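Note sheet for the following structure.
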Amino acid sequence: MRRPVDHGAMAVSGYTVPWHAAAGTPVALHISSSQQVRDVRIVQLDTPAAEVMDWQVEPTGNAVCHRDFDQGSYLRIAASEFAKTNQIRGVAFEVYLTRNDGARVLFESGDLRLQLQDGRLTSSHDGKPLEIGETLPANTWLTVEISSDSGGTVLKIGADDLLSPFRLHRQLDRPWSLSGDMVFGASAANDVRSLNAKFAAIALQTAAGRIAWTFPTLLPSGPIASTGGDDALFLDTINQPAFCMTSRRWDGSSFDPRMVPSHYDAVHCHDDDMGALDWPASYRLQIPVEASAGVYAFEVGHDGGSERIVFFITSTARRAPLLFLVPTATYLAYADEFLPAHLYEWMCEDRGHRFAIDNNLKSLYDYHSDLSGVSISSTRKPKATLRDDYNYPLCGCPHNLPVDLHFLRFCHVNGIAFDLITDRDLHERGAAGLQGYQAVITGSHPEYMSVEMEHALRQFAATGGSIAYLGGNGFAGKVAFQGDLMELRRSPLEAGRTWDGPIAEQSLSITNQPGGHLRASGRGEFSLTGVAISLMGFDRARPFTRTPESRQPSAAWLFDSVANETFGDEGIVLGGAAGYEVDATDPHLGTSADTTVIARATGFPDSFVHDATRWYEGGAEERASRRCAEMTLRHLPSGGLIFCASSVAWCGALPTGDAMNDVGRITKNLLTHLATAKSRTDRQQQSGSQPAAQSASTA
């Protein structure tokens, strides 16, 4: 259903295409505004002070205006498709209704509309309302058959539920006159909320035989072709419904769509789905060839102020020994989080979240209105919470991008040179994208990764590269990419923190591989870094204290010029270095024996929730003793190392400007060591090792 953007919280919103680009390539700005735009300029955000660039931003000729959101997914066979076939005598489909209040449309074609009013079925035929009177059952598969001849139209609806059988049979006086589009789950005019429901097995009965559509388990990139008949007819899926959903044929014998694809031939439509937006571009930037990699924004000025719409310029050639990996998968997963007030206490206001609520936008942490989880998102949408001035209402402080910018500014001030790519770049380039670098540096919260990203980092470390993991709760959730889309299917491992989907529907539609945690697939977290989330909370963060092991020669260099045993009692994230989400080791779950704990934070408030997925042989007493964050260091046989700060708050505890503190000294010692260590190539030649050539699919 189309509606104007609500600009009450933010006068300007928009997105760029692409979201990340190399120097010398174009970036377009697509925006909606309720205010007259005064000027548009480019600002670099990762420098000590935001720097206005003297780059030319050109208008495209598409004037800035107040645009619309089109929300709600549904299925459509365009009227033009029917010219390919003979007389249509009937249609059949399967539907699984979920939660639907108010007026909804089940099916519309020509002069026939089947409508629900609070679940009660009504019909209009030739514009005249007809009361059918039956309430269709929800949460069970229904078969719907509509047939027509000169004597009238016959409607049959049935359910196979053995405990609650349902049958409806109605004869309508007039024949059904097919004209216009055939629409499933919405009105032809798209003027009422779309239906929350699964659909499957759509078929037409024609004079020449049956024409049918089977929804694939793999997410299609375009319309779906029919089978049967002389020419294929195409069915459009509007506004990105979820694919690879269990259908009427699913019997619980398998949870893998690759084994039983016929059990997963349904799509799930939601009234708040939103696919990639198609707002026209209003401005265009040709990024200069000499542009430095970094974090940038289109700053759109208007009479009431300005808004910054972020994009990234990425490195295409190595200029520095260190490579910063921008966690755009995590940024996109959190973007426009709804945070309803009845579920979450807000510690501060943020206009981005208000914008999301006002416009019914959803993040990959949110539920649809029928309580199923939001599992797919496009980069081609406003990301109102992705701002350099963002504060997360749950903790009342910066989160994600502004914390990562705090780290990058620290690097600039302290002369630490770095190149920059996004994790999506890493997904596409694989280990080749890391070639020539000494070390990869993560941001504060690299929570989500594809199998391809994780494998590239594993290959990098196996061939002498180092990983500086400067965050917490990283390398955890598995995602997949297709075009502008990112998909995430959650698992019971995450129960209590956000939505968790049915076990049978945890396979990703983009790959058909299992979703959920990388840990469940033998990757990420413990097996890569040696740590994983142990606690989460939004009260004051804690400092770290060195362990005796930190004084061993293998680790002591990290603490050069650090006089204090305890450090990290200040910062922009909850006031300390260990907070928000923190990690700890667990040999039972895969921490390598050569991982050294070099600092530990304890004394967390009771409000910090323990990771419910961990089991302790010693019971409650052992669990209580493991309420900690553990900073670790691991020297690899390949010659590289893995450092884990083990806290989302670590980068926020770095000093600002020319100041210095112990968190800054440790971080600078680490990055200086990594940048000046013997090169990976030298180490490989010395040891006689060769780069790993194992593919991600066989790792």
Taking strands (runs of 3 or more DSSP E) that do not extend beyond segment 151-257, which have at least 1 residues that are at pLDDT 95 or above?
-> 152-159, 182-184, 197-206, 209-213, 234-238, 242-245
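Residues are listed down the side, and each one gets a yes or a no for (1) surrounded by 21 or more Cβ atoms within 10 Å (Cβ to Cβ); (2) polar (S, T, N, Q):
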{"site": "G571", "(1), (2)": "yes, no"}
{"site": "L574", "(1), (2)": "yes, no"}
{"site": "T591", "(1), (2)": "yes, yes"}
{"site": "N669", "(1), (2)": "no, yes"}
Consider A432 carefully, then state whether it is in a loop (DSSP other than H, G, I, E, B) and modelled with pLDDT of 95 or more.
-> no
Residue, farthest from T214 (Cα to Cα), within segment 83-122, restricted to residues that are part of a strand (DSSP E or B) and of a type in the set (G, A, S) | A103
A291 fails exactly one of (1) farther than 30 Å from Q506 by Cα; (2) part of a strand (DSSP E or B); (3) open to solvent by less than 20 Å² (accessible area, probe 1.4 Å), namely (2)
Identify the residue in segment 54-82 that is in a loop (DSSP other than H, G, I, E, B) and free of Cβ contacts under 8 Å to residues at least 60 places away in the same chain and, among all such residues, is nearest to the chain's Cα centre (by Cα).
-> C65
T596: passes all of (1) more than 19 Å from G477 (Cβ to Cβ); (2) touching a residue at least 12 places away in the same chain (Cβ under 8 Å); (3) within 32 Å of the chain's Cα centre (by Cα) but (3)
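Among the candidates T602, T656, T566, T591, single out the residue that is among the β-branched types (V, I, T) and under 19 Å from G474 (Cα atoms).
T591
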Which listed residue is touching a residue at least 60 places away in the same chain (Cβ under 8 Å) and open to solvent by 10 Å² or more (accessible area, probe 1.4 Å), from L386, L364, L405, L332 | L386
Checking L45 against (1) touching a helix residue (DSSP H, G or I) at 6+ places or on another chain (Cβ under 7 Å); (2) aliphatic (A, V, I, L, M); (3) without any contact (Cβ under 8 Å) to a residue 24 or more places away in the chain, which single condition isn't satisfied?
-> (3)
Taking the residues in segment 27-85 that are crowded, with 19+ Cβ neighbours inside 10 Å and of a type in the set (S, T, Y) as candidates, determine which candidate is farthest from R387 (Cα to Cα).
-> T85
Do we have any residue at all in segment 267-281 that's part of a strand (DSSP E or B), farther than 30 Å from T214 by Cβ and touching a residue at least 24 places away in the same chain (Cβ under 8 Å)?
-> no
Candidates A28, A49, filtered to the one that is of a type in the set (G, A, S), on the phi < 0 side of the Ramachandran plot and in a strand (DSSP E or B) | A28
Residue check: is S507 within 30 Å of Y264 (Cα to Cα) and open to solvent by 20 Å² or more (accessible area, probe 1.4 Å)?
-> no
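Conditions tested, residue by residue: (1) farther than 23 Å from H635 by Cα; (2) in contact with a Cys (Cβ under 7 Å, 6 or more places away or on another chain); (3) of a type outside the set (A, V, I, L, M, F, W, C); (4) at pLDDT 95 or above.
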{"residue": "T529", "(1), (2), (3), (4)": "no, yes, yes, yes"}
{"residue": "A532", "(1), (2), (3), (4)": "no, no, no, yes"}
{"residue": "M536", "(1), (2), (3), (4)": "yes, no, no, yes"}
{"residue": "P543", "(1), (2), (3), (4)": "yes, no, yes, yes"}
{"residue": "S550", "(1), (2), (3), (4)": "no, no, yes, yes"}
{"residue": "P553", "(1), (2), (3), (4)": "no, no, yes, yes"}
{"residue": "F559", "(1), (2), (3), (4)": "no, no, no, yes"}
{"residue": "V562", "(1), (2), (3), (4)": "no, no, no, yes"}
{"residue": "T566", "(1), (2), (3), (4)": "yes, no, yes, yes"}
Please enumerate the residues belonging to segment 438-462 that are assigned to a loop (DSSP other than H, G, I, E, B), over 25 Å from P398 (Cα atoms) and open to solvent by 10 Å² or more (accessible area, probe 1.4 Å).
-> Q438
With (1) open to solvent by 70 Å² or more (accessible area, probe 1.4 Å); (2) under 25 Å from A266 (Cβ atoms); (3) free of Cβ contacts under 8 Å to residues at least 60 places away in the same chain as the list, and D161 as the residue in question, which single condition is left unmet?
-> (1)
Say we look at segment 136-150 and pick out the residues that are assigned to a loop (DSSP other than H, G, I, E, B) and modelled with pLDDT of 90 or more; which of these is nearest to S109 (Cα to Cα)?
-> L136
Could you look through segment 593-620, keep only residues that are of a type in the set (V, I, T) and over 15 Å from C644 (Cα atoms), and pick out the one that is modelled with the lowest pLDDT?
-> T613
If you scan segment 345-360, which residues turn out to be buried (at least 21 other Cβ atoms within 10 Å of the Cβ), hydrophobic (A, V, I, L, M, F, W, C) and closer than 24 Å to L574 by Cβ?
-> A356
Segment 203-234, residues that are closer than 28 Å to P514 by Cβ, open to solvent by less than 40 Å² (accessible area, probe 1.4 Å) and touching a residue at least 24 places away in the same chain (Cβ under 8 Å) = F215, T217, L219
(1) open to solvent by less than 20 Å² (accessible area, probe 1.4 Å); (2) touching a Phe, Trp or Tyr at 6+ places or on another chain (Cβ under 9 Å); (3) modelled with pLDDT under 95 all hold for A653 apart from (3)
Given the residues Q685, Q690, Q694, which is the only one that is at pLDDT below 95 and outside any loop (DSSP other than H, G, I, E, B)?
-> Q685
Is there any pair linking a residue in segment 547-574 that is among the charged types (D, E, K, R) to one that is open to solvent by 80 Å² or more (accessible area, probe 1.4 Å), with Cβ under 9 Å and at least six apart or on different chains, and which?
-> D569/R542
Identify the residue in segment 598-640 that is open to solvent by less than 10 Å² (accessible area, probe 1.4 Å) and in contact with a Lys or Arg (Cβ under 6 Å, 6 or more places away or on another chain) and, among all such residues, is nearest to L558 (Cα to Cα).
-> A599
Looking at T379, is it surrounded by 21 or more Cβ atoms within 10 Å (Cβ to Cβ), within 30 Å of G465 (Cα to Cα), at pLDDT 95 or above and polar (S, T, N, Q)?
-> no
H427 versus (1) of a type outside the set (A, V, I, L, M, F, W, C); (2) touching a residue at least 40 places away in the same chain (Cβ under 8 Å); (3) farther than 24 Å from G515 by Cα: which is the lone unmet condition?
-> (3)
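Given the criteria among the β-branched types (V, I, T), in contact (Cβ under 8 Å) with a residue 12 or more places away in the chain and not in a helix (DSSP H, G or I), does I357 qualify? Please lay out each step first, then the result.
Working: among the β-branched types (V, I, T): yes; in contact (Cβ under 8 Å) with a residue 12 or more places away in the chain: yes; not in a helix (DSSP H, G or I): no.
No, not satisfied.
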Only one of these is open to solvent by 30 Å² or more (accessible area, probe 1.4 Å) and β-branched (V, I, T): T529, T545, T498. Name it.
-> T545
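The values are calculated or read from the model by the stated rules, or taken from the named source; none is laboratory data. All of these numbers come straight from a predicted model, not from anything done at the bench. We place every Cβ from the backbone using ideal geometry, glycine too, and count neighbours over all the protein chains shown. The area values use the complete protein model at the heavy-atom level, side chains included, leaving out ligands, DNA and RNA. Shrake-Rupley method; radii C 1.70, N 1.55, O 1.52, S 1.80 Å.
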